[in-house]
Amino acid sequence: MSEELRWLSTRELAKKIATKEISAREALSDHLARIDAINPAINAVVTRDDEAAAARADAADRAVAKGEPIGPLHGVPMTHKDTHDTAGLRTTWGSTIMADRIPESDSLIISRLKAAGVNTTGKTNVPEFAAGSHTFNPVFGTTLNPYDTSKSASGSSGGVGAVQASGIQASGDGSDMGGSLRSPASFNNVVGFRPSNGRIPHTLPGNPFAWLAQSGFMARTVSDVALTMSATAGPQPGGPRSIGEPGSVFDLPEFGLGTDIEPDLNGVKIGFSPDLNGLLPLETEVHEIVADTANVFSSLGADVLDTIPNLGDADEVFNVRRALDFVHSWGPLLEEHSDQIKDSVVWNIQMGLNLTGTEVVSADRARARLHGEVERFFGGHDLLVLTTCQVLPFDAGIEYPTEINGVGLENYLDWMRALCLISATGCPAISVPAGFSQSGLPVGVQLVAKPGADVDLLRMAHAFEAVTQFHRRRPQLSASMP
């Protein structure tokens, strides 16, 4: 039962619990046993709630036995990213300043997951203040990659990616400002989806008008991303940028169990360039693997073109907006706790504090130009395809890569530029497994659609996944553990 359970999709597990084929208590026991076996090797789960989770599993089983109405994720055990508030369960952001912080309420994405029936079991590791795409912090240490435990699991949703790759759970919540769902998806051979702004709205407390960072999901399949989005997307009172469509728009036949719909991208026009026509330095193997995906898209009937949007304004938009958001979130901590904040975070906060009015206005104008360019491009294309991560999973002992193929990088964000540029556009984006290096390290391909076209994006990603099947390759770590 254990080997079967750990590689079930979230859809399959939820169905088995709902139909009494297995109990929520059995699903939880296997989940916790897998954490016991695997977590010492990868350090992905940093907080546990075993006793309360057991009580919730028993309650879930009683509800099924009584025939009570249940949600689409009823009884499914799930750890959550340690940046999402969980009522009564510590949320630390990987910071010593908040190491003992216990929220009184849930973040919106968590409250919606719980309403759908999820059984919260703990929290997964993140970089300090979720800054940087390598998961390490002074509270819990470093999360390691299940495909090679000497390598980074990326971040900031690195703990989420690692628990999925290692068979602990099939899907999980995360967030993405500069690639924090997409980058760990690439490093861990899973799917990472950054939705359009307003799908899972920003609300108080916090900045309800934020747009650069988005809550979203990672999963082993596109179908499970669609399932979790269907349970959590939709408008919210107090969310001024809410998209009005309900989460049910993600409930489509091709994402269901047992579908026989053939993958088809006939008529789809794709702008394709692994390195955005030389804008991005890429490691050689990454470039080769992503370049090969053009043949996959062509075989599905898509028209693959070498045209891409002009993203020349995206760096300015991203860097200024990120700096301002860091001031909004962490600026108040800088005066009292500067000695407890890592240098890269201090640098990013200080960048925001030093911005002039002229620089902020310039970035707003750049965003307007970028918006116009995105509209122009997607007026003639359905999809933009490029690399997800410019490098292979790197040594877990370094903070971030400082060069790519001999090209020097100036700061901790530069190696993530393929992701940051897309964040600045406001477009929904997804990373899907695209292949492996000669040494067996995963590589993802990044698919981007126009703002609001989230469902179409998942359909196209699902078609690619269906014919490539790279997501089925599991790490050797799983075979060497009980």
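If you go through region 4-39 and pick out every residue that is in contact (Cβ under 8 Å) with a residue 40 or more places away in the chain, assigned to a helix (DSSP H, G or I) and within 20 Å of residue 72 (Cα to Cα), you end up with 13. Only one entry in 413, 409 is among the hydrophobic types (A, V, I, L, M, F, W, C), within 30 Å of residue 319 (Cα to Cα) and without any contact (Cβ under 8 Å) to a residue 12 or more places away in the chain, namely 409.
Starting from residues that are more than 22 Å from residue 173 (Cβ to Cβ) and open to solvent by less than 20 Å² (accessible area, probe 1.4 Å), keep the ones in region 17-63 and report whichever is farthest from the chain's Cα centre (by Cα). The residue in question is 63. Counted as qualifying within region 323-442 are the helices (runs of 4 or more DSSP H) with 2 or more residues that are out of contact with any strand residue (DSSP E or B) (no Cβ under 6 Å at 6 or more places or on another chain), within 28 Å of residue 139 (Cβ to Cβ) and not hydroxyl-bearing (Ser, Thr, Tyr), namely 343-353, 417-425. Going by the structure shown, is residue 175 in a helix (DSSP H, G or I) and either open to solvent by 10 Å² or more (accessible area, probe 1.4 Å) or touching a Cys at 6+ places or on another chain (Cβ under 7 Å) (or both)? Here the answer is no, as residue 175 does not meet what is asked. Going through (1) closer than 25 Å to residue 304 by Cβ; (2) touching a Gly at 6+ places or on another chain (Cβ under 9 Å); (3) in a loop (DSSP other than H, G, I, E, B) one by one, residue 212 falls short only on (1). Restrict the check to region 227-235 and report whether at least one residue is in contact with a helix residue (DSSP H, G or I) (Cβ under 9 Å, 6 or more places away or on another chain) and either open to solvent by 60 Å² or more (accessible area, probe 1.4 Å) or assigned to a loop (DSSP other than H, G, I, E, B) (or both). Scanning region 227-235, I find at least one residue that is in contact with a helix residue (DSSP H, G or I) (Cβ under 9 Å, 6 or more places away or on another chain) and either open to solvent by 60 Å² or more (accessible area, probe 1.4 Å) or assigned to a loop (DSSP other than H, G, I, E, B) (or both), so the answer is yes. Residue pairs whose Cβ atoms lie under 9 Å apart, separated by 6 or more positions or on different chains, with the first residue in region 139-157 and closer than 12 Å to residue 43 by Cβ and the second of a type in the set (Lys, Arg) and open to solvent by 10 Å² or more (accessible area, probe 1.4 Å), are 144/151; 145/151; 146/474. Taking the condition of a type outside the set (Ser, Thr, Tyr), without any contact (Cβ under 8 Å) to a residue 60 or more places away in the chain and touching a helix residue (DSSP H, G or I) at 6+ places or on another chain (Cβ under 7 Å), does residue 251 pass? Spelling it out, residue 251 is indeed of a type outside the set (Ser, Thr, Tyr), without any contact (Cβ under 8 Å) to a residue 60 or more places away in the chain and touching a helix residue (DSSP H, G or I) at 6+ places or on another chain (Cβ under 7 Å). Within region 196-212, the only residue that satisfies the criterion of being open to solvent by 30 Å² or more (accessible area, probe 1.4 Å) and within 26 Å of residue 433 (Cα to Cα) is 197.
In region 97-127, which residue that is in a helix (DSSP H, G or I) and open to solvent by less than 10 Å² (accessible area, probe 1.4 Å) is nearest to residue 180 (Cα to Cα)? Step by step, filter region 97-127, then rank; the result is 109. Would you say residue 150 is of a type in the set (Gly, Ala, Ser), touching a strand residue (DSSP E or B) at 6+ places or on another chain (Cβ under 7 Å) and either modelled with pLDDT under 95 or assigned to a strand (DSSP E or B) (or both)? It is true that residue 150 is of a type in the set (Gly, Ala, Ser), touching a strand residue (DSSP E or B) at 6+ places or on another chain (Cβ under 7 Å) and either modelled with pLDDT under 95 or assigned to a strand (DSSP E or B) (or both). The listed residues are 399, 403, 410, and the only one of them that is open to solvent by 70 Å² or more (accessible area, probe 1.4 Å), touching a Pro at 6+ places or on another chain (Cβ under 9 Å) and over 21 Å from residue 211 (Cα atoms) turns out to be 403. Kindly indicate whether any position in region 81-91 is surrounded by 20 or more Cβ atoms within 10 Å (Cβ to Cβ), aliphatic (A, V, I, L, M), touching a residue at least 24 places away in the same chain (Cβ under 8 Å) and not in a strand (DSSP E or B). So far as region 81-91 goes, no, none of its residues is surrounded by 20 or more Cβ atoms within 10 Å (Cβ to Cβ), aliphatic (A, V, I, L, M), touching a residue at least 24 places away in the same chain (Cβ under 8 Å) and not in a strand (DSSP E or B). Restricting the search to region 244-268, which residues are within 18 Å of residue 454 (Cα to Cα) and touching an Asp or Glu at 6+ places or on another chain (Cβ under 7 Å)? If the condition is that a residue be within 18 Å of residue 454 (Cα to Cα) and touching an Asp or Glu at 6+ places or on another chain (Cβ under 7 Å), then 268 is the only one that fits. Among the residues that make up region 219-226, is at least one of them out of contact with any Pro (no Cβ under 8 Å at 6 or more places or on another chain), over 17 Å from residue 460 (Cα atoms) and in a loop (DSSP other than H, G, I, E, B)? The answer is no, given that none of the residues of region 219-226 is out of contact with any Pro (no Cβ under 8 Å at 6 or more places or on another chain), over 17 Å from residue 460 (Cα atoms) and in a loop (DSSP other than H, G, I, E, B).
Residue 282 - would you say it is open to solvent by less than 40 Å² (accessible area, probe 1.4 Å) and under 17 Å from residue 109 (Cβ atoms)? No: the conditions fail for residue 282.
The values are calculated or read from the model by the stated rules, or taken from the named source; none is laboratory data. As the structure is a computational prediction, the values presented were derived from the model and not from experiment. Methodologically, a virtual Cβ is constructed for each residue, glycine included, from the backbone with ideal geometry; neighbour enumeration extends over all protein chains shown. Just so you know, the surface numbers come from the protein's heavy atoms only, side chains and all, with ligands and any DNA or RNA stripped out. Shrake-Rupley method; radii C 1.70, N 1.55, O 1.52, S 1.80 Å.
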